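Notes for the one structure printed next.
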Amino acid sequence: MGSFAMFPLGSVLFPHMPLALRVFEPRYLVMMSRILNDQPSEFGVVLIESGREAAGAEAQRRFDVGTVARVTELGATEGDLAVIARGGRRIEVVEWLPDDPHPVAVVRELPELDWDESLGPLLERAELVVRRTIARASEFVELPWDADAELSEDPTAAAWQLAGIAPLTPLDQVRLLASTSLRTLLTQLIEFTVGAGEVLTTSWATTDDLDAEIAEALDRAGEHQPDAGEDSDGDPDDDEPPSATDGRNA
């Protein structure tokens, strides 16, 4: 455990996913000047439960599970700092410390999720559901990720990336981030994505339409989505990370 510079945001950062920030608040410019003196340059990201991103600790409630972001690129304009970072290991906040002037917390690292070859079919199902839902929903709403976004060849990284590109609510995302196993991550990812697809297309397509399209895609792949009670069981490559369509402001 140790103290860590923290950046509460209105979105969830998953391991192996990129984060784009435009930093202009004085407190976060101070934070960046501090962490850039260290190698690697890292800070923690947690989801804001309530309150605005620009608010202080007294006006925010924050979730305790987050992700370490490692700075990979920097750019500067007058008064702003453009930061590109990449999600790494997961952390849990043990205690929030007084702002200095940016948020600071005592954190502990959460265990890495282990891959097992038996999870291969479940990963394939999750990818089919996520890609089909993005493709279907993007006909009606604007989404930050394309259905053909590239995934890592590493299956654990790919699983986190699927969670990162799926069109989910922040609450569903933070639930996935807190997963204690890859089986749980992938099973819940399928469940949450199917539910999100129903909501995103509800004004234009019936639930049966979307379910049928996903089921058809799974059938074509020779796999079937497990029932809710069934016990079933992939970083973008460093050379080719997926790109977010826009950055966060702070």
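Quick note: the coordinates plus some simple rules give every number you see, no bench work behind them. These figures come from a predicted structure and were not determined experimentally. Neighbour counts are summed over all protein chains in view; Cβ atoms, including those assigned to glycine, are modelled from backbone coordinates with ideal geometry.
Using the per-residue mean of other Cβ atoms lying within 10 Å as a proxy for protection, in what order, highest first, do the peptides 184-197, 154-167 fall?
154-167, 184-197
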Quick shape summary for region 33-166, equivalent ellipsoid via Cα gyration tensor, semi-axes whole Å in descending order, reads 31, 20, 17
Using the Cα gyration tensor of region 1-108, with a ≥ b ≥ c the square roots of its eigenvalues, what is the shape: rounded (a/c below 1.5), prolate (a/b larger than b/c) or oblate (neither)?
rounded
Can you figure out the FRET efficiency of GLU73 with GLU142, using R₀ = 25 Å and their beta-carbon distance, to the nearest 0.05?
0.50
Selection from TRP145, ALA85, LEU110, by position along the positive dipole direction of region 84-150 (Cβ):
TRP145
Calculated FRET value between LEU36 and GLU92, using beta carbons and R₀ = 22 Å, to 0.05:
0.30
How large is ³J(HN,Hα), in whole Hz, for each residue of region 139-146 in order, when computed from phi with the Karplus curve 6.51 cos²θ - 1.76 cosθ + 1.60 and θ = phi - 60°, using x for Gly and Pro?
6, 10, 9, 7, 10, x, 10, 8
Looking at region 72-142, which GluC sites (Glu not before Pro) are in a loop (DSSP not H, G, I, E or B) and have at most 14 other Cβ atoms within 10 Å?
GLU78, GLU112, GLU139, GLU142
